[in-house]
Every structure is written in C-alpha cells, then in structure tokens.
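Just below is one structure, and these are the notes that go with it.
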C-alpha cells in the first residue's frame, strides 16, 4: 500500500507483522470502549501490559492514541492531543475533528 516500505529481510517482515498486531490490538482495545468512561487504559500484552498505558481521544472518525509508561501524566498527554486538534483546526479550517 501507499506509504509502506518493502521489507528487505525476514526480521523487517516480522517487525512489520508485529507492528500490525500492535495496531490491531490497540484499535480493538480503544474502539470497543464506551465513550462515557475515561480515556486511559492499561496496555495490552503486545505493548507491555500493565507497564504501559494507552491514552487516547476519539474525534469524529479519528483516534489519537499514545502508548506511554507510568512516568507520563495522563492529563498532559490529553492536553497534547487537544493542542494538536486546535492547531489542525487553525491550519485546515473548522471542518475537522470535533470531540464525539
């Protein structure tokens, strides 16, 4: 697909497979959550389990997800996502990314 590099070794192919598994697991964990619960959850097995956490926001059809360790502040990461949203609106216009 567009934007993908062709693996030049078995380890790169395996690494891409693992990345796709991580993306799939992350999407499954985040997309199945009720919108009325908090935006933080423990990471799944592929992303370090309870040593890491996922912090996310859902805007329209987009999910912004960060995987961080316990030293990161959940609220600071949510602020970072919000700043990104504000800057994107300034650059692209008011049409994009409204919280759901």
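Structure values in brief
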{"read-out": "Of all residues in the stretch 70-91 being crowded, with 16+ Cβ neighbours inside 10 Å and touching a residue at least 24 places away in the same chain (Cβ under 8 Å), the one that is farthest from residue 25 (Cα to Cα)", "value": "85"}
{"read-out": "Restricting the stretch 30-69 to residues that are at pLDDT below 85 and surrounded by 17 or more Cβ atoms within 10 Å (Cβ to Cβ), the residue that is farthest from residue 18 (Cα to Cα)", "value": "59"}
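The values are calculated or read from the model by the stated rules, or taken from the named source; none is laboratory data. All values derive from a computational prediction rather than experimental measurement. Neighbour counts run over all protein chains shown; Cβ positions are idealised from the backbone, glycine included.
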